[in-house]
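This report refers to the structure that appears directly beneath it.
The values are calculated or read from the model by the stated rules, or taken from the named source; none is laboratory data. Since this is a predicted model, take the numbers as computed values, not measurements. FYI the Cβ positions are ideal-geometry reconstructions off the backbone, even for glycines, and counts take in every protein chain you see. Accessible surface is based on the protein model in full, side chains and every heavy atom, while ligands, DNA and RNA are left aside. Shrake-Rupley method; radii C 1.70, N 1.55, O 1.52, S 1.80 Å.
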2 protein chains.
Amino acid sequence: MSRWKPDAAGRLAKAAIELFAEQGYEATTVAEIAERAGLTKRTFFRYYADKREVLFGGAQELENCWLAGMDAAPEDADPMAVVAAGFGPISDLFADRHPFARLRAGIVAENPDLQERELIKLHRLTGVLQHALAKRGVSDHAAALAAQAGVAVFHVAFGRWTRREAPTSLGALMDDSLDELRSVVTATATATT
Amino acid sequence: MSRWKPDAAGRLAKAAIELFAEQGYEATTVAEIAERAGLTKRTFFRYYADKREVLFGGAQELENCWLAGMDAAPEDADPMAVVAAGFGPISDLFADRHPFARLRAGIVAENPDLQERELIKLHRLTGVLQHALAKRGVSDHAAALAAQAGVAVFHVAFGRWTRREAPTSLGALMDDSLDELRSVVTATATATT
DNA sequence: GGCTGCATGACACCAAGTGACATCACTTCA
DNA sequence: TGAAGTGATGTCACTTGGTGTCATGCAGCC
């Protein structure tokens, strides 16, 4: 019918973000999003399983990127170092997406449903990292803890990154957060008993 | 119009569980649930915010119960002991609900949406416990860790409890899980570095 | 009796999501 | 060159979750 247009998924995501930012998540309808993208509601659902998912398309990419980074870590690295080996690639992945991430974070922050979905994504990510560590021969407990810690560090750093107007390096923020975590944990360890 | 019937919420929950068990969660419609309870779809949504919520009505009760148990802990108890002080009351709370819990667990296990919701509930619960600990003067880090650990112990023990056909004591299972956690953590601590 | 408050029913409505089929552009191959 | 195939999209009808609104019946109360 109408001429073919490239990157339908991308156009849908862009339209969605814009509309969510303009009118709020709940107030915008999937049909509106599709219309702004020059497509149809039906087509929207061919690219995204549900309305929320349009904001979480990056999750898979993040996962792959992190895993790839971990694969590149030396065989004998300790678990936390393996996890941290993903920080660099992740930083690169998001390097040019600061404006998008900022907008997105604001939208998610205002809707409980979206926060639910984000929580799930982080949870799944943790599971994936844990599994990857386990396949490297890391013990179950250590893998679980390192994965938890890694995702927590990413989450904190990413939050700080999106809250800044001027885009700093996400990688630096992740390194900082990891340092903080280390000092907190060791401090607790000394103070306990 | 029709004669007044008591415990509408309870009847809805009962009808829902039955139907979910018979036909699956997705395959049963809110209208069906309401009809079996002798009510209307509209009335269902007056008692439960959404279809999933009918399976999570106990969350608030659990939360209150746990907090009450923690309140009863001695002023100078260490954080983990405070959290564990809720185990007794929780065990009592669920004492006569084993069949229900068993059915419910089976249903939740088969539907991703319901698992999402359960994850959120646990997450919220963690936050509440953490806050309660903080109000007692526990440091933020310790509160976060103790809350996480407590909820994890509850989750594991509850899973084991529901998987048993004969209802054992939930309290005993929680105590066991806590012991396991302790040994795992100390073992890791010694084995590390 | 009449008033008030509460739980519910009845009804219309919106938006998310899906299934089935048509259509258009583009490719391939005889 | 043209028929057949393929992939992305449109069209349309439909189900279901969820809500707003108003009517109705039952209770207690003065």
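Summing both sides, the accessible surface hidden between A and B at a 1.4 Å probe radius is close to 1000 Å².
For B:R160, A:R104, the ranking by accessible surface with the largest value first comes to B:R160, A:R104, using a 1.4 Å probe. Summary value for chain B: 17 percent relative contact order, contacts being C-alpha pairs under 8 angstrom separated by 6+ residues. Between B:R164 and B:T40, the FRET efficiency estimated from the beta carbon spacing at R0 = 35 angstrom works out to 0.40.
Ordered by solvent-accessible area of protein heavy atoms (1.4 Å probe), largest first, the residues A:E22, A:E61, B:E118 come out as A:E22, A:E61, B:E118. Computed over chain A with a Gaussian network model linking Cα atoms closer than 10 Å, the most mobile of A:L145, A:L125, A:L62 is A:L145. Mind checking which of B:V156, A:F56, A:F44 is farthest towards the positive end of the protein assembly as shown's charge dipole, using Cβ charges of +1 (Lys, Arg) and -1 (Asp, Glu) about the Cα centre? So the residue we want is A:F44. Each other copy holds its own label point for B:E61; taking that point as 7 Å from Cα along Cα to Cβ, the gaps run 4.6 nm, nearest first. In nanometres and ascending order, the distances from the B:D113 label point to those of the other copies are 1.1 (point 7 Å from Cα along Cα→Cβ).
Helices in chain A that qualify as membrane-span-like (whole DSSP H runs, Cα extent of at least 27 Å along the helix axis, mean Kyte-Doolittle hydropathy of -1.0 or higher) are A:112-135, A:140-163, A:170-191.
Counting heavy atoms of the protein chains alone, B:M80 has an accessible area of about 30 Å² for a 1.4 Å probe.
Each of B:L19, B:A101, B:P112 was scored by the projection of its Cα onto the charge dipole of chain B, and the greatest displacement toward the positive side belongs to B:L19; charges sit on the C-beta of Lys, Arg, Asp and Glu. Average accessible surface for the protein assembly as shown: 55 Å² per residue, computed with a 1.4 Å probe over protein heavy atoms with every protein chain in place. Contact with the other protein chains removes 20 Å² or more of accessible area, compared with the isolated chain and a 1.4 Å probe, from these residues of the stretch B:145-189: B:V184, B:T188. This model, with +1 at the C-beta of Lys and Arg and -1 at the C-beta of Asp and Glu, gives chain A a dipole about its Cα centre of some 760 debye. Placing R0 at 41 angstrom, the Cβ-Cβ distance between A:E18 and A:E75 gives a FRET efficiency of 0.35 after rounding to 0.05.
Loop-located trypsin sites (Lys or Arg not before Pro) in the stretch A:1-99 (DSSP state not H, G, I, E or B) with no more than 11 neighbouring Cβ atoms inside 10 Å: A:R3.
A Gaussian network model of chain B, with springs between Cα atoms under 10 Å, assigns the largest mean-square fluctuation among B:T126, B:T162, B:T28 to B:T28.
Measuring r between the beta carbons of B:H155 and B:D96 and using R0 = 25 Å, the FRET efficiency lands at 0.75. Comment: the Cα-to-Cβ extended label point of A:A77, at 7 Å, lies 4.3 nm from its counterparts in the other copies, nearest first.
Using only side-chain charges placed at the Cβ, +1 for Lys and Arg and -1 for Asp and Glu, the dipole size of the stretch A:1-69 relative to its Cα centre rounds to 380 debye.
Using the alpha-carbon centroid of each, what span in Å lies between the stretch A:11-36 and the stretch A:124-185? Between the Cα centre of the stretch A:11-36 and that of the stretch A:124-185, the gap is 31 Å. Classify chain A: rounded, prolate or oblate, from the alpha-carbon gyration tensor (a ≥ b ≥ c, eigenvalue square roots; a/c under 1.5 rounded; otherwise prolate if a/b is larger than b/c)? Cα axes put chain A in the prolate bin. Over 31 Å between C-alpha atoms is what I'm after, so list which of B:K41/B:K121; A:K5/B:K121; B:K14/B:K121 land there. In this structure, A:K5/B:K121 exceed 31 Å between Cα atoms.
Comparing A:S177, A:S91, A:S139 in a Gaussian network model of chain A where C-alpha atoms under 10 Å apart are linked, the largest mean-square fluctuation is found at A:S139.
Comparing the full protein assembly with the isolated chain (1.4 Å probe, heavy atoms, ligands and nucleic acids excluded), the residues of the stretch A:104-118 losing at least 50 square angstrom of accessible area are A:E116.
Rounded to the nearest Hz, the phi-derived 3J(HN,Hα) couplings of the stretch A:72-81 under the Karplus curve 6.51 cos²θ - 1.76 cosθ + 1.60 (θ = phi - 60°) are 7, 6, x, 3, 9, 5, 6, x, 5, 5, where x marks glycine and proline. Share of carbon and sulfur in the accessible area of chain B stands at 55%, probe radius 1.4 Å. Only protein heavy atoms count here; under a 1.4 Å probe, B:D176 has an accessible surface of about 80 Å².
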